[in-house]
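The values are calculated or read from the model by the stated rules, or taken from the named source; none is laboratory data. The shown structure was predicted, so the numbers you read here are calculated from the model rather than taken from an experiment. Cβ placement follows ideal geometry from the backbone for every residue including glycine, while neighbour counts extend to all protein chains displayed.
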Ligand code: F6P
């Protein structure tokens, strides 16, 4: 079967009708009338739990969403992805990040070639290199062991390693890891000023090896090494990760320090490839393999579980329900886990670069909304910043809570319990709210007079009925992190199929890049701004004038 547009339109229309009339409006009542609501709207994969019972859904909602998934042929597209078909149709590429974490299958073919042996070969080479750096047998040019690694990359060549290295800090027993991404010279200057070139390894990470930020920062780092240790020392302090091996060679990095990957790995899906090298050096090859195994476990589940027992499908259906049917423009991801502080930024790229599209797979304008704004911060910090708006603001923003049953600090169990209590309290508050009558009763119970109660009570009303879902795993270890990230990858895939868009290209980043190249000689005063719009001309004039001030 393939996607049937007429059936998709009918399924969407049925969902819109249902949102108006049949869907629950009162979550408190829904919980009161159905004691089984939690078990009805939650799923497990081993210790991983997804609870969406605090969303405005009922059995009919889930049935209609499932009908849409069938009409949109989520299963067919899923099979095509796992089979290595070129589902990224605007770039004519397969989408096979799932192959990167598959150490059990015999073969996965791309253009008739089995890609699995090549993947294992690179992983093995990475492991030898990582072990050599970790145990000190691979040294810097002056014979000193490497104490610090600096990954230079941006977007998918940065966010995955940054996010995962922080997330897995309890497993970090290798050299210190630093990450430089921004073209702002402050980033590399602040990073390098604390480091000794003699004990530092620079990893240049870029799929294309053309990204201007990465190439510029790499040249700055090269100069830093060469000026301190001499030109001949450069080779001992650099490694590279890329699909563009010819360009890496031109940069001057020795082939035995180059780790390749393939054009069927999207940048934002590349943490599982050689882009994970800094993570592997930090946590060791064994832990890195556990990270891949966790992702593979989610792949097998996503590939094999029926739609209504499939965590990634459920997460995608709920995401679609909130975005396209309920009309919520953003979603907040709030990990109650300080080590997942960079997960929202990682998911921003994963989700927004994938599903921020306005044309269908066939290039026609989409008929409804596509990907939402994704944002977030760890709890409990967020509670003291933006949760006010989540609870009482005029926009409804679905929240995705992520929390572990246990922390890594046995001596701080009481703090972990406080973290858990806060996480559960927030979802409960969003769901239940507080009525005017309840607010008045609370104030009256404090002995306040009636006039004062009437004056203050409206400020203390919470509408409630604000949806959230909660993801719980036992412990944030390498396996659990791999599984969690893969869950979100497949969720993005499912939503893309429901929207009818290609999640695997990113043409929307091109125009800004082209204009930045054009504007570089303009802001440096070598070329006139004439012919550009009045705002750009005015800004350029201001910059040039103030530079001289
Ligand atoms: O500008 C967007 C982008 O192309 C992302 O998709 C990608 O992750 C990032 O730039 C970095 O690209 P590269 O790894 O080729 O340097």
Every listed condition ((1) in contact with a helix residue (DSSP H, G or I) (Cβ under 9 Å, 6 or more places away or on another chain); (2) touching a residue at least 40 places away in the same chain (Cβ under 8 Å); (3) within 16 Å of the ligand (Cβ to nearest atom)) holds for residue 303 save (3)
Note on the stretch 215-243: residues within 9 Å of the ligand (Cβ to nearest atom), under 16 Å from residue 180 (Cα atoms) and buried (at least 23 other Cβ atoms within 10 Å of the Cβ) are 241
Members of the stretch 135-157 found to be touching a strand residue (DSSP E or B) at 6+ places or on another chain (Cβ under 6 Å), within 16 Å of the ligand (Cβ to nearest atom) and either at pLDDT below 95 or outside any helix (DSSP H, G or I) (or both), listed by number: 150, 151, 152, 153
Please work out which residue is nearest to the ligand (Cβ to nearest atom), limiting yourself to the stretch 199-214 and to residues that are in a helix (DSSP H, G or I) and touching a helix residue (DSSP H, G or I) at 6+ places or on another chain (Cβ under 8 Å). 214
Scanning the stretch 166-198 for residues that are surrounded by fewer than 24 Cβ atoms within 10 Å (Cβ to Cβ), part of a helix (DSSP H, G or I), in contact (Cβ under 8 Å) with a residue 24 or more places away in the chain and away from the ligand (no atom under 16 Å from the Cβ) gives 166, 169, 170, 171, 185, 191, 192, 197, 198
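Conditions tested, residue by residue: (1) within 24 Å of the chain's Cα centre (by Cα); (2) outside any helix (DSSP H, G or I); (3) under 22 Å from residue 349 (Cα atoms).
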| site | (1), (2), (3) |
| --- | --- |
| 81 | yes, no, yes |
| 91 | yes, yes, yes |
| 99 | yes, no, yes |
| 103 | yes, yes, no |
| 128 | no, no, no |
| 133 | no, no, no |
Selected residue [without any contact (Cβ under 8 Å) to a residue 60 or more places away in the chain, under 25 Å from residue 32 (Cβ atoms), over 28 Å from the mean Cα position of the chain (by Cα) and assigned to a helix (DSSP H, G or I)] from 425, 444, 421: 444
Out of the residues in the stretch 108-132 that are in contact with a strand residue (DSSP E or B) (Cβ under 8 Å, 6 or more places away or on another chain) and touching a residue at least 40 places away in the same chain (Cβ under 8 Å), which is nearest to residue 260 (Cα to Cα)? 122
Subset of the stretch 244-290 [within 15 Å of the ligand (Cβ to nearest atom), part of a helix (DSSP H, G or I) and in contact (Cβ under 8 Å) with a residue 24 or more places away in the chain]: 247, 248, 251, 267, 268, 269, 274, 275, 276, 277, 278
